[in-house]
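Structure record follows, encoded as structure tokens.
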Protein chains: 2
Amino acid sequence: MTDINTVAKQFTDFYYTTFDTNRADLQGLYRPNSMLTWEGNQILGASDIAEKLTSLPFDKVQHKVTTLDAQPSDPTLSNMIVSVTGLLLVDDNQHPLQFSQVFQLVPEGGSFYVFNDIFRLNYGA
Amino acid sequence: MTDINTVAKQFTDFYYTTFDTNRADLQGLYRPNSMLTWEGNQILGASDIAEKLTSLPFDKVQHKVTTLDAQPSDPTLSNMIVSVTGLLLVDDNQHPLQFSQVFQLVPEGGSFYVFNDIFRLNYGA
């Protein structure tokens with residue numbers, strides 16, 4: 001088995017750096033059949049997903065990953081589920097928000113695209 | 001498409017009720033190739049997973065689901081990813097712990113088994 005933890009780390013480093021610097025570039029990670037559930041809202045396809053992500057109402061955003069776990073998600077061990085928990089610092093708010101995000105990554109041409117993406121904020125216990 | 005939100009709700013109701021009342025019974029939800037990552041520890045197979053779950057050091061435990069999201073996780077729309085966030089009340093501790101848990105469910109004989117299971121506690125921001 002490939003070291004999926006390394007792949008998961010590389011993917012999330014790239015994903016959150018891109019999210020925090022130029023969200024529009026995330027579109028390249030999704031395909032027409034990709035799914036995003038953002039705070040309960042279901043969005044289908046790279047184009048609509050990119051539109052959702054770029055229209056989120058924050059100027060400055062920074063993700064800090066707290067935990068990162070990965071598992072192969074199909075019998076051939078080619079796809080993987082990546083589960084992330086962490087903190088989200090939005091604009092100049094001093095209080096970080098906790099987030100939980102799950103991806104399923106599917107291999108394509110030596111890299112991966114995002115087939116599933118589920119994002120939730122937890123506003124504290 | 002089946003209403004996967006209904007299935008996800010039925011599954012998590014059953015899973016957490018069983019977890020909170022008789023953890024040993026969860027073994028029936030896993031198969032020899034099922035994977036559990038519990039707080040970073042990787043466990044393979046129904047038998048070892050059940051042993052892990054039953055050996056967790058709490059007597060009384062109660063899960064309260066805060067958010068529940070589901071997506072089909074393969075092109076044939078038969079499998080599903082279920083993402084849960086919620087609160088865990090352990091023994092007589094008054095301070096609930098936040099948890100994040102992801103399942104991938106695979107259909108089998110009119111029901112589903114758990115192929116992937118990733119669990120994380122967040123000890124507050």
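The values are calculated or read from the model by the stated rules, or taken from the named source; none is laboratory data. Please read these numbers as outputs of a predicted model, since none were measured by experiment. Glycine gets a Cβ as well: all are built from the backbone with ideal geometry, and neighbour counts include every protein chain shown. Side chains are part of the model used for accessible areas, which takes the heavy atoms of the whole protein and leaves out ligands, DNA and RNA. Shrake-Rupley method; radii C 1.70, N 1.55, O 1.52, S 1.80 Å.
Within the range B:54-67, residues that are farther than 15 Å from B:Thr18 by Cα sit with their Cβ atoms under 6 Å from residues that are open to solvent by 30 Å² or more (accessible area, probe 1.4 Å), at 6+ positions apart or across chains, in these pairs: B:Thr67/A:Arg120. Looking across the range A:12-34, the residues that are within 14 Å of chain B (Cβ to nearest Cβ) and over 11 Å from the mean Cα position of the chain (by Cα) come down to A:Arg31, A:Pro32, A:Asn33, A:Ser34.
The listed residues are B:Asn116, B:Asn93, B:Asn122, B:Asn79, and the only one of them that is of a type outside the set (Ser, Thr, Tyr), at pLDDT 95 or above and over 14 Å from the mean Cα position of the chain (by Cα) turns out to be B:Asn79.
In the range A:35-60, the residue that is most open to solvent (accessible area, probe 1.4 Å) out of those that are more than 8 Å from chain B (Cβ to nearest Cβ) and on the phi > 0 side of the Ramachandran plot is A:Glu39. Out of curiosity, is A:Leu26 touching a helix residue (DSSP H, G or I) at 6+ places or on another chain (Cβ under 7 Å) and not in a helix (DSSP H, G or I)? The answer is no for A:Leu26. A count restricted to the range A:6-24 and to residues that are loosely packed, with under 14 Cβ neighbours inside 10 Å and either in contact with a Ser or Thr (Cβ under 9 Å, 6 or more places away or on another chain) or of a type in the set (S, T, N, Q) (or both) stands at 6.
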